[in-house]
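The values are calculated or read from the model by the stated rules, or taken from the named source; none is laboratory data. Everything numeric in this text was worked out from a predicted model, so none of it was measured. Here Cβ is always computed from backbone atoms with ideal geometry, including for glycine, and neighbour counts include all displayed protein chains.
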Amino acid sequence: MAYPAWFYLPAAVVYGVLFIAPTFASFYFSLTRWSLFDQEFIGFGNFVQFFQEPALVTGLTNTLIYGPITSVAKVVLGLLLALLLTSQIQGRGWLRSVVFFPVLVSTIGVGIMFQALMDPRDGAINRMLGVVGINGPGWLTNPDLALYSVALVDVWKGVGLATVIYIAGLVSIPREYIEAAAVDGASAWQRFWHVTVPLVRPATNTVIILSLIGGLRTFDLIWAMTRGGPGFTSDVIASVIYKQYQAGFYGLSTAGNVVLFVIVSAIVVPLAWWLNRRQVEY
Amino acid sequence: MVTGSPMRRYLLSALTLVVFTAIFVLPFVFVLLQAMKTRQEAALLQFSLPTEVVLWDNIVQVFQARDYMLVTAFINSTILTVASVTLMVVFAAMVGYVLQRRLTRWTGFINFLVLAGLIIPPAVVPTIWVLQGLGLFRTLTGLIFIEVAFGLSFSVLLFRAFMSTIPRQLDEAAVIDGAGPIRTFFQVVFPLMRSVAVTVIVVQSVQVFNDFVHPLYFLPGDENATVQLTLYNFQSQFEAQYNLLFADILLITIPPLLMFIFFNKKIVAGMTAGAVKG
């Protein structure tokens, strides 16, 4: 036998012990009051708390805002940037590098960097706005704005990945299709909307799914920039999980994990299925 | 029209170049400027040239802070990255090889597990509980295996996809020549996977080196930090010392920058795999 099943073994042991087993264990522990010393079965108490306590509910709703808006922004901006960077523009190589590099930089580093740039009084962004006479907002200090400011930085950091995925998709479209449409008298907009967009579909699907998974699970950037604040207005589920863990509420923290697990799979799995079904054949 | 069009295109290019450089490069220039300033000047957060360049002093100070924590951290991060990526590549290549070659009724289930690893958020506290049971919590060894577990799915997908481009006849010929499975894989197939292996190594190295969440949970404490954790620890300690904080950001951005300069194509290839209909 040239392809022995035991080749799976090393990977299966690590994956099974450190990923699958904890995932199954989380379903049980989410039903307990669990501290370092003991555990007590309490049924669905943790989940009830998760959907009642305002701080925890905020984390839930923020996750449902943050995931989709960052995902949509990356799809739209990624496609536009990719179109720009596959056009006849000068300095394409430099532009591609510049847009992609932030993807490889430490998220915490980016968070600290923008925390300074977004400082309401001294930050470079508001100083620049001040020059043109705009009174810049408290990007990270305004409770209504903090989550969106972090989302903006998330898009800044992640749009490069969407762009290179779209570039790969765009260059794989046979030129004849677009030329044929042009010969048939389709305008630039029609060529874009009726030829390019449907044919670049696989890239769109990848970008949507990847950025949605990342966005719903996001933690580092929020933790580096706001710690979920001001108050708990920019908390997401992942930061709630960390806070409850730090506070020693292990059962509640694990319930948060289960909630996140359910949300991510309930959104991503059907969406991925639906998107792949609608792929165009060519 | 004839003379206007190239001119307009030229202007448009120049404008795009300026706008994108401003949006994507200026923040990094800001990091560099901050890292060069004195403590008082950096505290102003101004986007300006330093009046006095003290970059080297700042770097020395960052390294010396908290009893050379950053030196330990660079050593830890290097060990973590090298060890976990090595294991990941070998384990994932073995899985990708058999998974692509041998179709059984388990194949679908294994593919499902691989995809699950990309979607499901890890359950944090239960993982700590398992690590504690194994005596691996708060150890670098434990963290290495954690990184392997969470990096496997992506690596397996790349290896499996690449296997389908290697003709089956090659491994069959090796078997007919009397090579056992281990020799067939490590001496015939694995060398052929070199290009995808390099892709996996490069992408995962950047990933592991930049990882913040897992060290935060599974390797807490100051004395045994990784580089990303030093940033986090310094963030609270150096609240008023922006020059040192940004010098630290500058230092830990250098390894990914080098990777980017030397392996740009590989990184992009790895991260865009699956984007094109295959």
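Things to note:
- In the range A:49-58, the count of residues that are touching a Ser or Thr at 6+ places or on another chain (Cβ under 8 Å), more than 30 Å from B:S5 (Cα to Cα), outside any loop (DSSP other than H, G, I, E, B) and more than 13 Å from chain B (Cβ to nearest Cβ) is one or more.
- Of the residues making up the range B:69-77, at least one is without any contact (Cβ under 8 Å) to a residue 12 or more places away in the chain and either within 10 Å of chain A (Cβ to nearest Cβ) or in a helix (DSSP H, G or I) (or both).
- Within the set A:W193, A:W274, A:W189, the sole residue that is within 21 Å of the chain's Cα centre (by Cα), more than 14 Å from every other protein chain (Cβ to nearest Cβ) and farther than 30 Å from A:N142 by Cα turns out to be A:W274.
- A:S35 vs. criteria in contact (Cβ under 8 Å) with a residue 40 or more places away in the chain and out of contact with any strand residue (DSSP E or B) (no Cβ under 6 Å at 6 or more places or on another chain): yes
- Any hit, the range A:62-74, residues being free of Cβ contacts under 8 Å to residues at least 24 places away in the same chain, more than 8 Å from every other protein chain (Cβ to nearest Cβ) and surrounded by fewer than 22 Cβ atoms within 10 Å (Cβ to Cβ): yes
- Pick from the range A:110-157, criterion hydroxyl-bearing (S, T, Y) and surrounded by fewer than 19 Cβ atoms within 10 Å (Cβ to Cβ), ranking: nearest to the other protein chains (Cβ to nearest Cβ): A:T141
- Tally, over the range B:159-193, of residues that are free of Cβ contacts under 8 Å to residues at least 40 places away in the same chain, out of contact with any Ser or Thr (no Cβ under 8 Å at 6 or more places or on another chain) and among the aliphatic types (A, V, I, L, M): 8
- Within the range B:107-131, the set of residues being more than 22 Å from the chain's Cα centre (by Cα) and more than 8 Å from every other protein chain (Cβ to nearest Cβ) comprises B:T107, B:G108, B:F109, B:N111, B:F112, B:I128.
- Among (1) more than 9 Å from chain A (Cβ to nearest Cβ); (2) surrounded by fewer than 19 Cβ atoms within 10 Å (Cβ to Cβ); (3) outside any helix (DSSP H, G or I); (4) not hydroxyl-bearing (S, T, Y), the one test that B:A225 misses: (2)
- Odd one out for A:R227 among (1) within 11 Å of another protein chain (Cβ to nearest Cβ); (2) on the phi < 0 side of the Ramachandran plot: (2)
- Selected residue (only one of A:S234, A:S265, A:S253 is within 20 Å of the chain's Cα centre (by Cα), assigned to a helix (DSSP H, G or I) and modelled with pLDDT of 90 or more): A:S265
- The range A:161-182, residues that are part of a helix (DSSP H, G or I), more than 13 Å from A:V75 (Cβ to Cβ) and within 12 Å of chain B (Cβ to nearest Cβ): A:V164, A:I167, A:A168, A:L170, A:V171
- Where a residue in the range A:129-154 is free of Cβ contacts under 8 Å to residues at least 12 places away in the same chain and in a helix (DSSP H, G or I) and its partner, wherever it lies, is surrounded by fewer than 18 Cβ atoms within 10 Å (Cβ to Cβ) and not hydrophobic (A, V, I, L, M, F, W, C), with Cβ under 7 Å and at least six apart: A:L129/A:G136; A:G130/A:G136
- Search result, residues across the range B:29-48 that are crowded, with 21+ Cβ neighbours inside 10 Å and among the small types (G, A, S): B:A35, B:A42
- Of residues in the range A:91-109 being under 19 Å from the mean Cα position of the chain (by Cα) and not in a helix (DSSP H, G or I), the one surrounded by the most Cβ atoms within 10 Å (Cβ to Cβ): A:S106
- Taken as a whole, the condition of being part of a helix (DSSP H, G or I) and either out of contact with any Ser or Thr (no Cβ under 8 Å at 6 or more places or on another chain) or surrounded by 23 or more Cβ atoms within 10 Å (Cβ to Cβ) (or both) does not apply to A:G185.
- Here A:Q88 clears all of (1) in a helix (DSSP H, G or I); (2) surrounded by fewer than 18 Cβ atoms within 10 Å (Cβ to Cβ) except the condition numbered (1).
- Complete set of residues in the range B:29-75 that are within 30 Å of the chain's Cα centre (by Cα) and charged (D, E, K, R): B:K37, B:D57, B:R66, B:D67
- Considering the conditions (1) assigned to a helix (DSSP H, G or I); (2) within 29 Å of B:A35 (Cβ to Cβ); (3) modelled with pLDDT under 90, A:D122 is excluded by exactly one of them, (1).
- Leading residue by the ranking (surrounded by the most Cβ atoms within 10 Å (Cβ to Cβ)) among those in the range B:49-93 that are over 30 Å from B:R194 (Cβ atoms) and among the polar types (S, T, N, Q): B:N58
- Those helices (runs of 4 or more DSSP H) lying entirely in the range B:157-219 with at least 1 residues facing chain A (nearest Cβ under 10 Å) and closer than 22 Å to B:A273 by Cβ: B:168-176, B:194-210
- Residue list for the range A:10-40, filter: hydrophobic (A, V, I, L, M, F, W, C) and either outside any helix (DSSP H, G or I) or at the interface with chain B (Cβ under 7 Å from one of its Cβ atoms) (or both): A:A11, A:V14, A:V17, A:L18, A:F19, A:A21, A:A25, A:F29, A:L31, A:W34, A:L36, A:F37
- Residue within the range A:43-54 that is surrounded by fewer than 20 Cβ atoms within 10 Å (Cβ to Cβ) and within 24 Å of B:N210 (Cβ to Cβ) present: no
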